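Presented below is the structure to which this report refers.
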Amino acid sequence: MLIILLGPPGAGKGTQAERMTRDFELTYISTGDILRSAVKDNNELGRKARQYMDQGRLVPDDLVVDIVKARLMDEDGKKGALFDGFPRTVEQAVFLEKALPDLGAEINRVFSIEVEESELIERLTGRRVCSDCGTSYHLKFNPPKVRNVCDQCGGDLYQRDDDSLETVQERLKVYKKQTEPLIDFYRTRDLLSPIDGNQDIEGVYKQISSVLSDL
Ligand code: ADP
Ligand code: AMP
């Protein structure tokens, strides 16, 4: 089983993924998390990716495709995967489509989470993330029980460097130009489930889980 979460930055992909992996047998694969961890480790991948991420631009396709290839070959990646933030360009989507038959896998559903732009800016600039487990919170919409402390693991919360207003605006532009065309790409393949992401977190999850339960 392979599920893809599509949607602009701040749509709630990571937030919904947490619930989806809790209730369904899916291995979470977030290229953003993998890249941030490489930047933190200051390894070769991280050093190459950092400049693009800091500017709110996409990391080149060849680097991202290598990450995904390695992840899909892992044992847990073979069971069933939930992609968050991948694919993000038509080239990445074509790579995935070509790679799947060899892995004996297919894409079962693509959820496109749709949210108004003004709401996206508010969600991203108020986002706080756990430095240990990556869980996302929001200062206003989804605050942790104790200020700046993760409910799940007790880790410290931080604001991502790319969640500043200036970088958020660039990321939204990049999304429109490079990622939004994937909505049509998957619609024409009859794989798309549009989701109204303007509702509260549980309201969005209700729509997603009802589709997932029927797969
Ligand atoms: P993405 O992974 O798509 O970039 P996140 O899941 O990290 O987005 O969500 C972005 C921010 O918006 C986080 O601070 C999160 O707590 C908050 N958020 C997520 N879903 C909702 C929602 N339905 N309503 C309000 N805030 C939300
Ligand atoms: P995310 O955590 O999904 O918001 O991703 C954070 C940043 O990582 C993006 O702004 C890109 O710079 C980079 N990134 C994550 N996934 C991809 C991808 N599939 N292709 C290119 N760049 C990516």
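The values are calculated or read from the model by the stated rules, or taken from the named source; none is laboratory data. Treat the numbers as computed from the prediction; the structure is a model and nothing was measured. Quick reminder, even Gly has a Cβ in these numbers, built from the backbone with ideal geometry, and neighbours come from all protein chains shown. Ligands, DNA and RNA are excluded from the accessible area calculation, which covers all protein heavy atoms including side chains. Shrake-Rupley method; radii C 1.70, N 1.55, O 1.52, S 1.80 Å.
The table for this structure:
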{"read-out": "Looking only at the stretch 94-116, and only at residues there that are of a type in the set (Gly, Ala, Ser) and outside any loop (DSSP other than H, G, I, E, B), the one that is modelled with the highest pLDDT", "value": "Ser112"}
{"read-out": "Residue match in the stretch 2-20 (condition: of a type in the set (Val, Ile, Thr) and within 13 Å of ligand 1 (Cβ to nearest atom))", "value": "yes"}
{"read-out": "Residue count, the stretch 69-93 (criterion: open to solvent by less than 50 Å² (accessible area, probe 1.4 Å) and either at pLDDT 90 or above or not in a helix (DSSP H, G or I) (or both))", "value": "11"}
{"read-out": "Residue satisfying all of: in the stretch 153-173; part of a loop (DSSP other than H, G, I, E, B) and within 13 Å of ligand 1 (Cβ to nearest atom); least open to solvent (accessible area, probe 1.4 Å) among these", "value": "Arg160"}
{"read-out": "Subset of the stretch 1-42 (residues that are of a type outside the set (A, V, I, L, M, F, W, C) and near ligand 2 (Cβ under 9 Å from one of its atoms))", "value": "Pro9, Gly10, Lys13, Gly14, Ser30, Thr31, Gly32, Asp33, Arg36"}
{"read-out": "Residue satisfying all of: in the stretch 116-126; surrounded by fewer than 21 Cβ atoms within 10 Å (Cβ to Cβ) and in contact with a helix residue (DSSP H, G or I) (Cβ under 8 Å, 6 or more places away or on another chain); farthest from Asp184 (Cα to Cα) among these", "value": "Thr125"}
{"read-out": "Selection status of Pro101, free of Cβ contacts under 8 Å to residues at least 60 places away in the same chain, closer than 17 Å to Ile4 by Cα and open to solvent by 50 Å² or more (accessible area, probe 1.4 Å)", "value": "yes"}
{"read-out": "Filter result for the condition that a residue is part of a helix (DSSP H, G or I) and either out of contact with any Asp or Glu (no Cβ under 9 Å at 6 or more places or on another chain) or over 18 Å from Arg22 (Cβ atoms) (or both), over Lys206, Lys140", "value": "Lys206"}
{"read-out": "Where a residue in the stretch 32-49 is touching a residue at least 60 places away in the same chain (Cβ under 8 Å) and its partner, wherever it lies, is within 16 Å of ligand 1 (Cβ to nearest atom), with Cβ under 6 Å and at least six apart", "value": "Asp33/Gly134"}
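So that you can scan it fast, the table gives a plain yes or no per residue for (1) open to solvent by 50 Å² or more (accessible area, probe 1.4 Å); (2) in contact with an Asp or Glu (Cβ under 9 Å, 6 or more places away or on another chain); (3) assigned to a helix (DSSP H, G or I); (4) among the small types (Gly, Ala, Ser):
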position	(1), (2), (3), (4)
Pro9	no, yes, no, no
Gln16	no, yes, yes, no
Arg22	yes, no, yes, no
Leu35	no, no, yes, no
Lys40	yes, no, yes, no
Arg47	yes, no, yes, no
Leu58	no, no, no, no
Val65	no, yes, yes, no
